[in-house]
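**Student:** Structure incoming, see below.
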Amino acid sequence: MPERETVVVVGAGLMGAGIAYAFASSGCNVILADNSSASLEKALDTISGSFGAGVERGKITPEAAEAGLNAITTAEGVDERANAASLLIETATENLAVKCEIIAEAASRLPPHAVIATNTSALSISEIANACTAPDRVIGMHFFNPVPKMKLVEIILGLETSSETLTRTIEWTGRIGKDHIVVNEAPGFTTSRMSALMGNEAMYMLAEGVASAEDIDKSLRMAFNHPMGPLETGDLTGWDTRLKVLEYLYDVMGERFRPCPLIRKMVKAGRHGRKTGKGVYEYDATGIRIPGSGLKVSL
Ligand code: NAD
């Protein structure tokens, strides 16, 4: 691949910031787009923090960190600069209409060789691809949070995804130092389907008073060697995003994915997780979890 290719990342939230960082630190120019200037500002802060932490840990030189940060420019949408991009990753809010609109715009602007990827957690790649004029170039690239640390990209094939698009996507994944799995389209793919079910069940247990939040998480960490419990994972993912995924899975796969009412209550209360400072647990201003802060549900 030629040196500095351009990658467009649409959606500058939790995932967009991590994805932009991954590509910028792998030698790409990144255009980070969002319709919220507050999101763009916050994302640049996060990315700058990630580069700074890399320098502190001796993983990159200060010069490389500066070059990486300078390789990122921002935009309010998919504008004419996308004409030069080789890859676009849509990672906006988990909403089909929003994603379809972004992908349709992308297909009209990107050059014919460019891959158009979506980081949806659960939605149909074929349905998103059907919104644009180049469904063969649309593919799922499902990243995990926090992107800089998590090694896997789940690559999802839509009905019309071409083998050339798959080959190029695998190349891109390797280029940012990630491993991959390839799955055929199915609601929630492999990862979200399992993780949503487990997180939902853990919430039902919390709501029923089966055990404390801390002990529900500890059970999976210590009995099954999971690095994080399901409630901690939900706090990291964001319960607003988790609820959207569950609602979709409930809609297409039925009863076993019915969202626990406590998740709805938490989202209404603004307890979205780490990103709002509280979810099942509460976090201090530096993002450190406050001991003993697990949500107590009284009947
Ligand atoms: P987030 O809420 O942190 O960020 C979403 C961003 O999208 C916001 O900044 C919002 O302003 C922006 N946005 C909304 N509509 C837009 C539009 N029309 N154009 C441009 N930007 C727009 O959400 P997130 O957690 O970063 O999730 C983003 C996507 O990644 C979702 O599809 C989610 O399912 C998926 N995902 C999330 C996780 C996770 O752990 N949070 C993991 C894998 C995949």
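The values are calculated or read from the model by the stated rules, or taken from the named source; none is laboratory data. A quick note: this is a predicted structure, and the numbers were derived from the prediction, not measured. When we count neighbours, we look across all protein chains shown, and the Cβ atoms used for this are built from the backbone with ideal geometry, even at glycine. Side chains are part of the model used for accessible areas, which takes the heavy atoms of the whole protein and leaves out ligands, DNA and RNA. Shrake-Rupley method; radii C 1.70, N 1.55, O 1.52, S 1.80 Å.
**Student:** Please work out the C-alpha center-to-center distance from the range 129-171 to the range 268-299 and express it in whole Å.
**Tutor:** Between the Cα centre of the range 129-171 and that of the range 268-299, the gap is 33 Å.
**Student:** Can you classify the range 6-184 as rounded, prolate or oblate using the Cα gyration tensor, where a ≥ b ≥ c are the square roots of its eigenvalues, rounded means a/c under 1.5, and otherwise it's prolate if a/b beats b/c and oblate if not?
**Tutor:** prolate
**Student:** Would you kindly calculate the mean projected area, averaged across all directions, of the convex hull enclosing the Cα atoms of the chain, in square nanometres?
**Tutor:** If you wrap the Cα atoms of the chain in a convex hull and average its projections, you get 15.4 nm².
**Student:** Determine the share of the range 62-135's accessible area contributed by carbon and sulfur atoms, expressed in whole percent, with a 1.4 angstrom probe.
**Tutor:** 50
**Student:** If Rh is defined by the Kirkwood formula over all Cα pairs and Rg also comes from Cα, what ratio Rg/Rh do you get for the range 186-249?
**Tutor:** Rounded to two decimals, Rg over Rh is 0.97.
**Student:** Working out 0.36 nm times the residue gap between E255 and N130, then minus their Cα-Cα distance, what length gain in nm do you get to one decimal?
**Tutor:** Going from the current span to full extension adds 42.2 nm.
**Student:** Could I ask something else about it? Roughly how many percent of the accessible protein surface of the range 191-276 is carbon and sulfur, given a 1.4 Å probe and a whole-percent answer?
**Tutor:** 57
**Student:** Turning to a different aspect of this structure: Keeping all protein chains in place, calculate the accessible area per residue for the chain (probe 1.4 angstrom), answer in Å².
**Tutor:** 47
**Student:** Follow-up question, since we're still on this one. How big is the charge dipole of the chain about its Cα centre, in debye rounded to the nearest 20, if each Lys and Arg gets +1 on its Cβ and each Asp and Glu gets -1 on its Cβ?
**Tutor:** For the chain, the charge dipole is close to 760 debye.
**Student:** What helices does the chain hold that run 27 Å or longer along their axis, going by alpha-carbon atoms, with a Kyte-Doolittle average of 0.0 or more, using DSSP H for the helix calls?
**Tutor:** What comes out of the filter, once short or polar helices are dropped, is 37-56.
**Student:** So if the hydrodynamic radius of the range 175-293 is defined as the Kirkwood radius over C-alpha pairs, what does Stokes-Einstein give as its diffusion coefficient at 25 °C and 0.890 mPa s, in µm² per second?
**Tutor:** 163
**Student:** What residues qualify as long-range amide H neighbours of H180, i.e. H under 5 Å apart, gap of 5 or more or another chain, H built at 1.01 Å from N?
**Tutor:** Amide H to amide H, under 5 Å and 5 or more residues apart or across chains, H180 pairs with V153.
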